[in-house]
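Read through the structure below, which is laid out as structure tokens, and then see the notes.
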Amino acid sequence: MEDNWSKDFTARMQDLQKRSETLTENLSTASGRASSPDGSVRVEVGASGALHSIEFVKDISEHTPTQLSALVMKTVHTAQRQAAEQATQAMTEFGIEGEAMARFVSYQPPLDEEELAELDADNADFGVNTEVEAEEAAPPPAAAPPVRPRVVEDDEDEEDNAPW
């Protein structure tokens, strides 16, 4: 009987290792790509939401700096949500749920007004209140990380390599 338990345990551990490798692969390859509605901005972000590339495809001089900034941010947020959705799907397939999933989802970029309006229109027939959902999905205010003083040792034999 102990032999069956050992075989079952080994099989479960091998399955878990395969699923873990799949999760790691899916999380490492999650990315998002988005273009602005007018096609002037294209971005790509990685799994963490970090901006990997930004490309200005059309003449952007028709935009004021404020408009261009808003356009870039909206496009980046769209790509970040795509990457987050891929990561969420990978985690769901692995079986991650509950508090860990809720915490992960809470750090995803919030939906903008247009996306919320689309959700309202899509869900109007089902009685879904996206305003409440958006408020509940908003990440809690982040506490500032503790600041650690930078220790600089004064070495008189070395040249000053400070960039300033």
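The values are calculated or read from the model by the stated rules, or taken from the named source; none is laboratory data. Computed from a prediction, not measured in an experiment: that's the story for all the values here. Quick reminder, even Gly has a Cβ in these numbers, built from the backbone with ideal geometry, and neighbours come from all protein chains shown. For the accessible areas, the whole protein counts, side chains as well, though only heavy atoms, and no ligand, DNA or RNA atoms are used. Shrake-Rupley method; radii C 1.70, N 1.55, O 1.52, S 1.80 Å.
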| Can THR92 be described as without any contact (Cβ under 8 Å) to a residue 12 or more places away in the chain and within 17 Å of THR24 (Cβ to Cβ)? | yes
| message | So for segment 12-21 (the condition being touching a residue at least 24 places away in the same chain (Cβ under 8 Å) and outside any strand (DSSP E or B)), does at least one residue qualify? | response | yes
| query | In the list LEU116, LEU111, which residue meets the criterion of being part of a helix (DSSP H, G or I) and either modelled with pLDDT of 70 or more or at negative phi (or both)? | reply | LEU116
| said: Of the residues SER40, SER31, only one is open to solvent by less than 90 Å² (accessible area, probe 1.4 Å) and under 22 Å from THR92 (Cβ atoms); which? | reply: SER31
| Can you pull out the residues in segment 85-101 that are in a helix (DSSP H, G or I) and of a type in the set (D, E, K, R)? | GLU85, GLU93, GLU99
| request: Taking GLY49 as the residue in question, decide whether it is in a loop (DSSP other than H, G, I, E, B) and crowded, with 16+ Cβ neighbours inside 10 Å. | output: yes
| query | Can you name every residue in segment 10-24 that is over 13 Å from MET91 (Cβ atoms) and open to solvent by less than 100 Å² (accessible area, probe 1.4 Å)? | reply | THR10, ALA11, MET13, ASP15, LEU16
